[in-house]
Amino acid sequence: MPTVIDELLETDGTARLLADRDRAFVARPTERIPVAVAGGEGATLIDADGRRLLDLTSGWNVANTGWNHPKVTEALLKQAAQMPFSPPWCTHDGRSRVAERLSDMLGGGYRALCGATGSEAVEAALKVARRATGRQAVVGFTEAYHGGTLGSMHAGGVPQLQGVDVPSTEFHRHAPIPDRLRANGRDYAELVRATLREQPAPAAILLEPIFTNPGVIAGDPEFYRAVQQTAREVGALVIIDEVGTGFGRTGHDFGFQHWDLDPDIVVVAKALTSGAVPMAGALMRDELSAAVSGPGFSSTFGWVPLACAAALASLDVMESEQLPARAAQLGTLAIDRLRPLIDAVPAVADVRGFGLELGIEFTDAAGDPFARPPMEELTSRLLRRGIFAEPSAYTSTLLLMPPLVIDEDVWTGALDAIAEEIVDMDRAGAWV
Ligand code: PMP
């Protein structure tokens, strides 16, 4: 079945050729959006035929500073000419500087375990927690996503949604994600307490401070208090996955700063380098670093000089352009503008978010998530208007996560376009 982009691609050959070649040679997990990207600037992606798409995904919370920020590009070019990679057993100027800067952002007293991808850093955090506590069990949350490696998939609760048959292990158990719309009287704080107190005693609890992939789902303050206090009570470490929520996205440097959380390990990746070079870290309290020894903790591509140069430049941009504050302001603006949809369109169940991590959740008459078709129609309609946005997996929630540098007028224009399409679909009876 042709996709919207296929329709768009009829007009020219280059992007179509690339999409066809991709189909022939690349094993792709999704068929839906074969956009052939050739460039980008700010909040705009440019395809191989020069079409401009407003990107409301940030490449899954990567391009927080915008696509190809000139300061990041400049730092990359300089470092690439000098030394892009160094032997993993050597240190270099950038590595300790990034580590110190991240520790400072966390209030001091953290050390970095270096990796390249979010999944790898989640695994690293779990290894540290197991070594440090001498325990094996890990508490995660249903529907949470922490990566595509086996350990991170076990820790997250959505193997069936990830299309991979991951055998369960006795060491992983999951508390329900604090999904307010589907609470049915359940007390999520009490449930997480109970899960933490089960045997075998856990090495750690792993959570996103705001569960991004399931549809921007967050608990209430009591939920996070229960996580923190009960983890301490049972001797489990608190690991916060900031792979998607970190670096200004939610209106703070880190998402956990919305809550009364005091993490032992903070996992970062994605926006750390603005996506220019893969880079990820498990930032652990100083005392935990004694657990880091042996080749099982090394990573050939962890924090190479090129990545560190991109990270330092990205952190500078985040600070100088005050991106967390900007995210908070543009997020509030979006919620105010979109909230009226809840009353206007029966299928709109919720409009929620923190900073520029926003979701519009749709449910059918029974209160259940929609199957793909109406969500695909919505994203297709938006693509036709030059807007690129994606739905979440677990709930039928349209995710809005633009680069934090998005121009305010462009942002409000996009929000109005989204609202128009949702209302128009309602008039056309498409939300069934
Ligand atoms: N944690 C979270 C919350 C994520 O969203 C992702 C990726 N979407 C990961 C971990 C895994 O990161 P990566 O794809 O870089 O391995």
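The values are calculated or read from the model by the stated rules, or taken from the named source; none is laboratory data. This structure is a prediction, so every number in the text was calculated from the model and none was measured. Counting neighbours? That spans all protein chains shown, and the Cβs are built from the backbone with ideal geometry, glycine included. Heads up: the accessible areas ignore ligands, DNA and RNA and are worked out on the full protein's heavy atoms, side chains in. Shrake-Rupley method; radii C 1.70, N 1.55, O 1.52, S 1.80 Å.
Restricting GLY59, GLY50 to those that are open to solvent by less than 70 Å² (accessible area, probe 1.4 Å), assigned to a helix (DSSP H, G or I), small (Gly, Ala, Ser) and outside the structural domain of VAL267 (by TED's automatic domain parsing) reduces the list to GLY59. If only residues of segment 207-258 that are closer than 21 Å to ALA121 by Cβ, under 19 Å from the mean Cα position of the chain (by Cα) and β-branched (Val, Ile, Thr) are counted, the one that is nearest to the ligand (Cβ to nearest atom) is VAL243. When GLY219, GLY294, GLY235 are screened for being of a type in the set (Gly, Ala, Ser) and under 29 Å from ALA310 (Cβ atoms), only GLY294 passes.
Assigned to a loop (DSSP other than H, G, I, E, B), of a type in the set (Lys, Arg) and at pLDDT 95 or above, is that true of ARG232? Reasoning before the result, please.
Details: assigned to a loop (DSSP other than H, G, I, E, B): no; of a type in the set (Lys, Arg): yes; at pLDDT 95 or above: yes.
Taking the combined requirement at face value, the residue does not satisfy it.
Can you spot a residue in segment 102-119 that is among the charged types (D, E, K, R) and open to solvent by less than 10 Å² (accessible area, probe 1.4 Å)?
Taking segment 102-119 as the starting set, the residues that turn out to be among the charged types (D, E, K, R) are 104, 111.
In the following step, the residues that additionally are open to solvent by less than 10 Å² (accessible area, probe 1.4 Å) were identified as none.
Taking every residue of segment 102-119 in turn, none turns out to be among the charged types (D, E, K, R) and open to solvent by less than 10 Å² (accessible area, probe 1.4 Å).
Results for (1) assigned by TED's automatic domain parsing to the domain that holds THR250; (2) open to solvent by 10 Å² or more (accessible area, probe 1.4 Å); (3) among the hydroxyl-bearing types (Ser, Thr, Tyr), shown as yes or no for each residue.
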{"position": "ASP343", "(1), (2), (3)": "no, yes, no"}
{"position": "GLY353", "(1), (2), (3)": "no, yes, no"}
{"position": "LEU358", "(1), (2), (3)": "no, no, no"}
{"position": "GLY386", "(1), (2), (3)": "no, yes, no"}
{"position": "SER396", "(1), (2), (3)": "no, no, yes"}
{"position": "LEU400", "(1), (2), (3)": "no, no, no"}
{"position": "GLU421", "(1), (2), (3)": "no, yes, no"}
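Per the conditions (1) within 16 Å of the ligand (Cβ to nearest atom); (2) of a type outside the set (Lys, Arg); (3) under 20 Å from LEU382 (Cα atoms), the sole criterion not satisfied by VAL35 is (1). Checked across segment 167-182, the condition of being without any contact (Cβ under 8 Å) to a residue 40 or more places away in the chain, part of a loop (DSSP other than H, G, I, E, B), hydrophobic (A, V, I, L, M, F, W, C) and within 24 Å of THR117 (Cβ to Cβ) holds for at least one residue.
Can you pull out the helices (runs of 4 or more DSSP H) entirely within segment 82-160 that have at least 1 residues that are at pLDDT 95 or above and assigned by TED's automatic domain parsing to the domain that holds VAL243?
Numbers: elements: 93-105, 118-133, 150-155.
The qualifying helices (runs of 4 or more DSSP H) are 93-105, 118-133.
Entry remark, segment 234-260: residues being open to solvent by 10 Å² or more (accessible area, probe 1.4 Å) and farther than 23 Å from TRP60 by Cβ number 4 in total.
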